[in-house]
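Peer 1: Got a structure for you, questions after.
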Amino acid sequence: MSLIPQILLSINLPTRQAVAKDCVQARDTIRDHLLRELVKNGFAATWIVHDHCLQDTYELLQQTDSAQEFSMFVDTTNNTTQRKALNSQLADLMERSRKIGVRITTLSTNQRIAESNLNILVRNKISLVNYFCGTRRNWRSVKSLEPSSLRFGIWEVPAPLQWAQQLSNPVRELILKSVIRFKSKHLFQHVQIDIQSMLENKTPITKFAKLLQALHRIRERGRIDVTPVRSSAALLRHLQMRQPTRLPAA
């Protein structure tokens, strides 16, 4: 069976406290505009939420009935042990999310999860881990664009194409470059929109509106599918069963 390339679409959403005071309103405007564009083009994205009070999650839920995905960000950098941080934060976040009717299956973090700590993710029904949240990391050394299989059926999300860093090029050229990549053997492409970067670079929202419109046209031609990160899990498990040697193990 021939599979078309899968676009895994994510949006990195900083907290209101993380942006400059004079950018808070612009942040909210960009967030809401992106949501409207997603709905208009029939897309669901993975919103990487850094707000542990889940106010952003709640506000986005109130604005649409579409099936957007939410991935919670857990920072383990300043904690004594990663295990302690995951234990203390994940249980609380999962409880909060259940209360507002959100199912969290993708964890975003800034460090790789130690193999000995993966059982904590299983306990909290996490099936995917995303290590790439925003433009702060130096990703030039990242080679793989394929998901990696960890233990216990957990998958590592591939590094994204960072569109916000390339907006000096016309959107049409970006799309063309991506279509060329689709001719390679890579089944998955992770496209991330980083709101922090948009604010810092004063990127007009129209750039991303055109990007989503272009992706919509390519999907209409049957050349790609566009999904949130969570939707890749079932396909990954299916591919692993059919072709276990094609997907790299971590």
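Peer 1: Determine whether segment 78-100 contains at least one residue that is touching an Asp or Glu at 6+ places or on another chain (Cβ under 9 Å) and under 17 Å from Asp194 (Cα atoms).
Peer 2: No; the residues of segment 78-100 include none that is touching an Asp or Glu at 6+ places or on another chain (Cβ under 9 Å) and under 17 Å from Asp194 (Cα atoms).
Peer 1: Quick check, is Arg96 modelled with pLDDT of 95 or more and under 19 Å from Ser108 (Cβ atoms)? Can you show your working first?
Peer 2: Values: modelled with pLDDT of 95 or more: no; under 19 Å from Ser108 (Cβ atoms): yes.
No, not satisfied.
Peer 1: Of all residues in segment 86-114, count the ones that are of a type outside the set (A, V, I, L, M, F, W, C) and part of a helix (DSSP H, G or I).
Peer 2: Total meeting the criteria: 9.
Peer 1: Is it the case, given these coordinates, that Ala164 is hydrophobic (A, V, I, L, M, F, W, C), modelled with pLDDT of 80 or more and either surrounded by fewer than 16 Cβ atoms within 10 Å (Cβ to Cβ) or over 16 Å from Ser108 (Cα atoms) (or both)?
Peer 2: no
Peer 1: Here's a check for you: in segment 19-46, which residue that is of a type in the set (Gly, Ala, Ser) and surrounded by 16 or more Cβ atoms within 10 Å (Cβ to Cβ) is farthest from the chain's Cα centre (by Cα)?
Peer 2: Applying the filter and picking the extreme gives Ala26.
Peer 1: Under 6 Å between Cβ atoms, at least 6 apart or on separate chains: pull out the pairs that start in segment 77-94 with a residue that is under 17 Å from Val129 (Cβ atoms) and among the aliphatic types (A, V, I, L, M) and end on any residue that is buried (at least 18 other Cβ atoms within 10 Å of the Cβ) and at pLDDT below 85.
Peer 2: Here the result reads Ala85/Thr76, each pair linking segment 77-94 to a residue that is buried (at least 18 other Cβ atoms within 10 Å of the Cβ) and at pLDDT below 85.
Peer 1: What residue, of Glu146, Glu115, Glu156, Glu69, is over 20 Å from Asp51 (Cα atoms), at pLDDT 75 or above, surrounded by 13 or more Cβ atoms within 10 Å (Cβ to Cβ) and of a type in the set (D, E, K, R)?
Peer 2: Matching residue, one of Glu146, Glu115, Glu156, Glu69: Glu156.
Peer 1: When the residues of segment 203-246 are filtered to those that are in contact with a helix residue (DSSP H, G or I) (Cβ under 8 Å, 6 or more places away or on another chain) and modelled with pLDDT under 70, which remaining residue is surrounded by the fewest Cβ atoms within 10 Å (Cβ to Cβ)?
Peer 2: It comes out as Arg246.
Peer 1: Which pairs have Cβ atoms under 9 Å, sit 6 or more apart or on different chains, and link a residue in segment 185-206 that is touching a residue at least 40 places away in the same chain (Cβ under 8 Å) and within 19 Å of Lys40 (Cβ to Cβ) to one that is basic (Lys, Arg) and part of a helix (DSSP H, G or I)?
Peer 2: Partner pairs satisfying both residue conditions: Ile195/Arg27; Ile195/Arg31; Met198/Arg27; Met198/Lys207.
Peer 1: For segment 1-29, which residues satisfy the criterion of being of a type in the set (A, V, I, L, M, F, W, C) and under 26 Å from Val129 (Cβ atoms)?
Peer 2: Start the filter on segment 1-29 by keeping residues that are of a type in the set (A, V, I, L, M, F, W, C), which leaves 1, 3-4, 7-9, 11, 13, 18-20, 23-24, 26.
Selection gives Leu3, Ile4, Ile7, Leu8, Leu9, Ile11, Leu13, Ala18, Val19.
Peer 1: Any chance you could count how many residues in segment 192-224 are of a type in the set (Val, Ile, Thr) and in a helix (DSSP H, G or I)?
Peer 2: Qualifying residue count, segment 192-224: 4.
Peer 1: In addition: Look through Asp65, Asp32 and report the one residue that is more than 27 Å from Asn124 (Cα to Cα) and of a type in the set (D, E, K, R).
Peer 2: None of the others qualify; the one that does is Asp32.
Peer 1: Right, another one. Whether any residue in segment 77-85 is surrounded by 20 or more Cβ atoms within 10 Å (Cβ to Cβ), in a helix (DSSP H, G or I) and modelled with pLDDT under 90 is what I want to check.
Peer 2: yes
Peer 1: Would you call Leu60 within 25 Å of Leu211 (Cα to Cα) and touching a Phe, Trp or Tyr at 6+ places or on another chain (Cβ under 8 Å)?
Peer 2: Yes: the conditions hold for Leu60.
Peer 1: Collect the residues in segment 1-26 that are within 13 Å of Ile193 (Cα to Cα) and touching a strand residue (DSSP E or B) at 6+ places or on another chain (Cβ under 8 Å), keeping them in residue-number order.
Peer 2: Ile7, Leu8, Leu9, Ser10, Ile11, Asn12, Leu13
The values are calculated or read from the model by the stated rules, or taken from the named source; none is laboratory data. All values reported here derive from a predicted model rather than from experimental measurement. All Cβ positions, glycine included, derive from the backbone under ideal geometry; neighbour counts span all protein chains shown.
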